[in-house]
Amino acid sequence: MIRFLAGVLLLPLCAAVFRATGDVLAAASLDGEFVSPPLCAFAGGFAAWMLAYFLFKAPMRTYVFGHEMTHAVWALLFGARVGRMRVGKNGGSVMLSKTNLLISLAPYFFPFYTMLVVGVYALADCFADMARFRLAFLFLVAFTWGFHVTFTFSSLRTRQPDVMEHGRLLSWVVIVLLNVAEVGVWLVCTTSVTFLFYGAQLWARAAGAYMAVWGAVEKAAAWVVQMAG
């Protein structure tokens, strides 16, 4: 029941993230950003992955490895001990000393291979000027993020123990919320829209959503009192 209520309480925030990401998209379109080289490189990378996904055999073992590694990385972030990992084309597992909501759901919102590309690029930029490779970097980011999106959607079509462990509503709300927020982040990274603008829109949209919910609750409570009287 607590997990269900937590999912309900996060629904307005989920709606706010959708609207704030839409604000970023609208701001980018007003500035004519949809023909900019960075966004074209990003769109090209995503399109390239989608083409590969539908034309060739899905690399299941690669996905399973990234899935289990994501569990392990997030477990380490929360101070858990990581044990034996098993990876196969039909599934895998990793032994953890403890788990929580974020550790369980991390593979569905944390694009492991995308973060690997970002980490390698950031490390290389410490030793050399990587600016001339930015378009190639954005292409790879989108290519790997497309990998994350397609496999996440595909895996969530089946009954996932990670999702069931914390309740369907809470799990789905967290997964959708964080994946939509990622779309906003990639838009900021490939257009002139700033993180400050995105953050401000998130705050304003979230405040508006929860105020609207509170107003609806007050009206419902007043109606109940009136009917009882």
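Values quoted throughout were computed directly from the atomic coordinates according to the rules given, and no laboratory measurement underlies them. For clarity, every value in this text was computed on a predicted model and none was experimentally measured. Cβ: placed from backbone, ideal geometry, glycine included. Neighbour counts: every protein chain shown.
Roughly what % of Cα-Cα distances in the chain sit above 30 Å, to the whole percent?
Working: 9290 of 26106 pairs.
So the portion of pairs separated by more than 30 Å is 36 percent.
Show me, for the stretch 50-55, the HN-Hα J-couplings you get by feeding each phi into the Karplus relation (A = 6.51, B = -1.76, C = 1.60, θ = phi - 60°), rounded to Hz, glycine and proline as x.
For the stretch 50-55, the Karplus curve yields 4, 5, 5, 5, 8, 9 Hz.
What shape does the stretch 140-196 take by its C-alpha gyration tensor, where a ≥ b ≥ c are the square roots of the eigenvalues and a/c under 1.5 counts as rounded, a/b above b/c as prolate, and the rest as oblate?
Oblate.
Work out the length of the dipole vector of the chain about its Cα centre, built from +1 on the beta-carbon of each Lys and Arg and -1 on the beta-carbon of each Asp and Glu, and round it to the nearest 20 debye.
Using Cβ point charges on Lys, Arg, Asp and Glu, the chain gives about 840 debye.
Quick one: among VAL120, VAL87, VAL64, which has the greatest mean-square fluctuation in a GNM of the chain with alpha-carbon springs under 10 angstrom?
Top of the fluctuation ranking is VAL120.
Mean 1/r over all different Cα pairs, inverted: what Kirkwood radius does the stretch 107-172 give, in Å?
By the Kirkwood definition, the hydrodynamic radius is 13.6 Å.
Quick check: from the Cα gyration tensor, does the stretch 66-111 come out rounded (a/c under 1.5), prolate or oblate?
Verdict is oblate for the stretch 66-111.
Apply the Karplus curve 6.51 cos²θ - 1.76 cosθ + 1.60, θ = phi - 60°, to the phi angles in the stretch 183-196 and return the couplings in whole Hz, x for Gly and Pro.
Ordered by residue, 3J(HN,Hα) equals 4, x, 4, 5, 5, 5, 5, 10, 10, 7, 5, 9, 5, 4 Hz.
Please report the base-10 log of the normalised intensity I(q)/I(0) for the stretch 176-215, using a Debye sum with one equal scatterer per alpha carbon and no solvent, at each q in 0.24, 0.26, 0.36 (1/Å).
-0.81, -0.88, -1.09
Whole Å is fine, so just give me how far the alpha carbon centre of the stretch 91-170 lies from that of the stretch 2-81.
Each part's Cα centre sits 8 Å from the other's.
Across the stretch 127-136, in residue order, what do the Karplus-derived ³J(HN,Hα) couplings come to in whole Hz, using 6.51 cos²θ - 1.76 cosθ + 1.60 with θ = phi - 60° and x for Gly and Pro?
Ordered by residue, 3J(HN,Hα) equals 10, 8, 6, 9, 4, 5, 9, 4, 5, 5 Hz.
Using a Gaussian network model of the chain with C-alpha springs under 10 Å, which one of ASP23, ASP125, ASP162 is most mobile by mean-square fluctuation?
ASP125
How big is the stretch 1-96 by Rg and Dmax over its Cα atoms, in Å?
19.6, 51
Taking only DSSP H segments of four or more residues, each worth -39500 (n - 2.57), what value at 222 nm results for the chain once the sum is divided by all its residues, to the nearest 500 deg cm²/dmol? Walk me through the numbers before you get to the answer.
Numbers: 9 runs with 174 residues, N = 229.
That calculation yields -26000 deg cm²/dmol at 222 nm.
Under a 5 Å amide H to amide H cut-off, with H placed in plane at 1.01 Å, what residues pair with THR99 once short-range neighbours are removed?
Result for THR99 returns nothing.
Among the lysines, select those whose C-alpha is under 28 Å from the C-alpha of LYS89, and discard any that sit fewer than 8 residues away in the same chain.
LYS57, LYS98
What ranking, highest mean first, results for peptides 11-18, 145-152, 97-104 when packing means the other Cβ atoms within 10 Å averaged over each residue?
Most protected by this proxy first, the peptides run 145-152, 11-18, 97-104.
Under 5 Å between amide H atoms, partner at least 5 residues away or on a different chain: which partners does GLY92 have, H built in plane at 1.01 Å?
Under 5 Å from the amide H of GLY92 lies no amide H from a residue far enough along the sequence or on another chain.
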